[in-house]
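Comments concern the structure below.
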Amino acid sequence: MSISKEELIKLIVNLIYFKTITKDQESVKKAFAFIKDYLKKSNLFVKEFQKNGFLSLAASNSYIDFSKKYDIIFHGHIDVVAASEKDQFKPKIKDGKIFGRGALDMKGGLGVLIYLMKKLPKTDKKIILLITSDEEIGGENGTNYFFKDLGLRGNFFLTAEGERDYLLKVKQKGVVMFKLKAKTKGEHSAYQWLSENAIIKIFNCYQKIKKLFPKKKSKDHWYSTINLGLIKGGTAVNSIPNEAEASFDIRFCEPWQSSDAIINKLKKIIQKERLNFELIYKTEMMATDIKNFYVNNLNNVVKKELNIKKDLYFKNHGTNDARFANIVGIPSVGFGPIGDNYHAPSEFVYIESLVKYFNILEKFVLL
Amino acid sequence: MFSSIILLTKSLISIPSTRDNKKALNQVLDLALREVKDFTIELFEKEGFPSALIYPQKTRPNNFKIILNAHLDVVSGREEQYKPYEKDGKLFGRGAVDMKGAAAVEILVFKEVAKKVSYPLALQLVTDEEIGGFCGTKYQIEKGVRADFVIAGEPTDFGINNKAKGIIWLKIKTKGKAAHGAYPWRGKNALLITFLSLFVELSFI
């Protein structure tokens, strides 16, 4: 099977034209109609899904049935973050790059997956492509719907998120975001002994929580971190604040850690300090075994195709939807084409990397 | 004497002389000055806050022996708090204790004794004590008003309040470096710099 660069570029450019900002599910609907039409002449089975108003699309070379285990699950999300400039949805091609909202994150990679599915040669492998529309706001109603609610299982999962470099993202930190609230009596500030200060109470509690996440010397920063991101409190310079709240973002990666294990430890400290705990968001970490057959195969294909010797395994401080598959036990990676400026006005993907990406995945599928 | 103290205090309370009500600040001072119209009244004004210095002499002496100081402004209250009433030997109302009651006493004491005493005595009435006193008492000092001794009629449970803490109000502005919350080592957290420098290193807490 040979690749038609023109057809691939045309497909990606067409995808970028749809203003599929996460909350704009009408545009997602139109984009899905376009994709279904594009896949019409193939032998693929295509099915639409929906949870809490968020649409998803699945395309497979075998009848879609989640009671069977798939060999390979490909994934891409159609939703994009909002654009500051209108013409970001009018893609441009210049200097071997496609510019536009979502070019890198991630209609470039998604386009390659759709194209690959359409051109898929005969294989015994059961391959399914999931296209979701809520990755930018957490993925609970898209990717996680397939794994958690519908029970989708497989031997390998790949999401086509683009990056600055060719990376096989095999690890991701987990996340616990929470809010602390403090209430005290409050008083005139000249009488400090009459009331505790709600802001200071929170800060003192933070000092204790921080000890759970010691800074470590490590080049790749693969240790758990906590960020104090937001603090609110106080009404006047001469009053002791009687109410305060602060929000924190924990990213964890130690083997003993799970979101619940961390929350339990937090609660012990927070209760001692008599503060109020409110969970904002949590998600588990991802840790894919690089000795896995598929992961190892992909690594070898990528190295050969790019003509490099070094392994491309990468630890991701942020998150992508691959974690949902990993949480249910599926070896998962994030791997996509390359470009830059994601979430920025000048977002782009390299056309050459799209071609390389296609060649890599094609060889991987046939291995 | 007693009934005129109550009467004057009540009329002072009935004027809502808060910082944002400049008209009421002038009214409350006028009302007080009506009691001492037989004396020399020196008027001051800064940034819309009126104040007065009252003495028996035709011109201001270089140095008073004693100044009786009172402020006629109050912190804001609900409308019904400006309707004073008596109950169980107490007078209720916004400013009753802080400090229109004491102001009435100081005014009437001054009126009674200022011409009888053998030394220069003055009455100082200001309208900005609750927000710092810079446009009243401080301003009069800047204009050369001096004395050997000053009594401010603030409530002290009959204690003699001869000390007051100094105040520094300050704002710390910190500029850090923003980064995504998953990459704290790429940024400098401005919140932490502020807290750590002020509270941990200076150990104010």
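Select, from B:Ala103, B:Ala147, B:Ala178, B:Ala114, the only residue that is in contact with a Ser or Thr (Cβ under 9 Å, 6 or more places away or on another chain), on the phi < 0 side of the Ramachandran plot and among the hydrophobic types (A, V, I, L, M, F, W, C).
B:Ala103
Of all residues being surrounded by 14 or more Cβ atoms within 10 Å (Cβ to Cβ) and hydrophobic (A, V, I, L, M, F, W, C) in segment A:231-256, which is nearest to A:Glu187 (Cα to Cα)? Just the residue, please.
The qualifying residue nearest to A:Glu187 (Cα to Cα) is A:Ile240.
What pairs come out if I take residues in segment B:176-197 that are facing another protein chain (nearest Cβ under 8 Å) and pair them with residues that are among the basic types (Lys, Arg) whose C-beta lies under 6 Å away, six or more apart or interchain?
B:Ala182/A:Arg251
Given the residues B:Ile141, B:Ile172, B:Ile168, which is the only one that is more than 14 Å from chain A (Cβ to nearest Cβ) and out of contact with any Lys or Arg (no Cβ under 8 Å at 6 or more places or on another chain)?
Of B:Ile141, B:Ile172, B:Ile168, the one residue that is more than 14 Å from chain A (Cβ to nearest Cβ) and out of contact with any Lys or Arg (no Cβ under 8 Å at 6 or more places or on another chain) is B:Ile141.
Spot the failing condition for B:Glu154; the list is (1) outside any loop (DSSP other than H, G, I, E, B); (2) within 14 Å of another protein chain (Cβ to nearest Cβ); (3) within 21 Å of B:Phe64 (Cα to Cα), and only one is missed.
Failing condition for B:Glu154: (1).
Just name the residue that is farthest from B:Lys171 (Cα to Cα) out of those in segment A:218-245 that are touching a helix residue (DSSP H, G or I) at 6+ places or on another chain (Cβ under 9 Å) and touching a residue at least 60 places away in the same chain (Cβ under 8 Å).
A:His221
Taking segment A:1-58, which residues are over 23 Å from the mean Cα position of the chain (by Cα), outside any helix (DSSP H, G or I) and crowded, with 16+ Cβ neighbours inside 10 Å?
Listed by number, the residues that qualify are A:Ile3, A:Leu39, A:Leu44, A:Val46.
For segment A:66-76, what are the residues that are farther than 18 Å from A:Ala322 by Cβ and in contact with a Phe, Trp or Tyr (Cβ under 9 Å, 6 or more places away or on another chain)?
The answer is A:Phe66, and nothing else.
Of the conditions (1) at pLDDT below 95; (2) not in a loop (DSSP other than H, G, I, E, B), A:Ala82 fails just one. Which one is it?
Of the numbered conditions (1) at pLDDT below 95; (2) not in a loop (DSSP other than H, G, I, E, B), the odd one out for A:Ala82 is (2).
Checking the condition part of a helix (DSSP H, G or I) and among the β-branched types (Val, Ile, Thr), which residue from B:Ile5, B:Ile54, B:Ile41, B:Ile67 passes?
B:Ile5
Residues that are under 20 Å from the mean Cα position of the chain (by Cα), farther than 26 Å from B:Ile6 by Cβ and of a type in the set (Gly, Ala, Ser): does segment B:40-51 have at least one?
Scanning segment B:40-51 turns up at least one residue that is under 20 Å from the mean Cα position of the chain (by Cα), farther than 26 Å from B:Ile6 by Cβ and of a type in the set (Gly, Ala, Ser).
Considering segment A:235-249 alone, what residues qualify as being within 12 Å of chain B (Cβ to nearest Cβ) and part of a loop (DSSP other than H, G, I, E, B)?
If the condition is that a residue be within 12 Å of chain B (Cβ to nearest Cβ) and part of a loop (DSSP other than H, G, I, E, B), then A:Ala236, A:Val237, A:Asn238 are the ones that fit.
Filter segment B:19-38 for residues that are part of a loop (DSSP other than H, G, I, E, B) and buried (at least 20 other Cβ atoms within 10 Å of the Cβ) and give the result.
Within segment B:19-38, B:Val36 is the sole residue that qualifies.
Return the total of residues in segment A:195-213 being within 11 Å of another protein chain (Cβ to nearest Cβ) and among the basic types (Lys, Arg).
2
Pick from segment A:214-230 the residues that are surrounded by 19 or more Cβ atoms within 10 Å (Cβ to Cβ) and of a type outside the set (Ser, Thr, Tyr): which of them is farthest from the other protein chains (Cβ to nearest Cβ)?
Only one residue tops the list, namely A:Ile226.
Sort out which residues of segment A:160-194 are over 35 Å from the mean Cα position of the chain (by Cα), within 13 Å of another protein chain (Cβ to nearest Cβ) and of a type in the set (S, T, N, Q), and write them in order of number.
A:Ser189, A:Gln192, listed by residue number.
Return the only residue of A:Asp289, A:Asp340, A:Asp260 being in contact (Cβ under 8 Å) with a residue 40 or more places away in the chain, of a type in the set (Asp, Glu) and under 19 Å from A:Lys173 (Cβ atoms).
The match here is A:Asp289.
Residue-wise test of (1) of a type in the set (A, V, I, L, M, F, W, C); (2) out of contact with any helix residue (DSSP H, G or I) (no Cβ under 9 Å at 6 or more places or on another chain); (3) under 27 Å from B:Ser14 (Cα atoms); (4) exposed (fewer than 12 other Cβ atoms within 10 Å of the Cβ).
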{"residue": "B:Asp73", "(1), (2), (3), (4)": "no, no, yes, no"}
{"residue": "B:Lys87", "(1), (2), (3), (4)": "no, yes, yes, yes"}
{"residue": "B:Phe110", "(1), (2), (3), (4)": "yes, yes, yes, no"}
{"residue": "B:Ser118", "(1), (2), (3), (4)": "no, yes, no, yes"}
{"residue": "B:Arg146", "(1), (2), (3), (4)": "no, yes, no, no"}
{"residue": "B:Phe149", "(1), (2), (3), (4)": "yes, yes, no, yes"}
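Residues are listed down the side, and each one gets a yes or a no for (1) farther than 23 Å from B:Val150 by Cα; (2) over 20 Å from the mean Cα position of the chain (by Cα); (3) not β-branched (Val, Ile, Thr):
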{"site": "B:Asp73", "(1), (2), (3)": "no, no, yes"}
{"site": "B:Lys83", "(1), (2), (3)": "yes, yes, yes"}
{"site": "B:Phe92", "(1), (2), (3)": "yes, no, yes"}
{"site": "B:Val97", "(1), (2), (3)": "no, no, no"}
{"site": "B:Leu108", "(1), (2), (3)": "no, no, yes"}
{"site": "B:Lys116", "(1), (2), (3)": "no, yes, yes"}
{"site": "B:Phe134", "(1), (2), (3)": "no, no, yes"}
{"site": "B:Lys138", "(1), (2), (3)": "no, no, yes"}
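Being free of Cβ contacts under 8 Å to residues at least 12 places away in the same chain and under 20 Å from A:Lys356 (Cβ atoms): is that true of A:Lys94 here?
yes
Which of the residues that make up segment A:11-40 are closer than 20 Å to A:Met117 by Cα and without any contact (Cβ under 8 Å) to a residue 12 or more places away in the chain?
Matches in segment A:11-40: A:Ala33, A:Asp37, A:Lys40.
The values are calculated or read from the model by the stated rules, or taken from the named source; none is laboratory data. No experiment lies behind these values; they were computed from the predicted model shown. Neighbour counts are summed over all protein chains in view; Cβ atoms, including those assigned to glycine, are modelled from backbone coordinates with ideal geometry.
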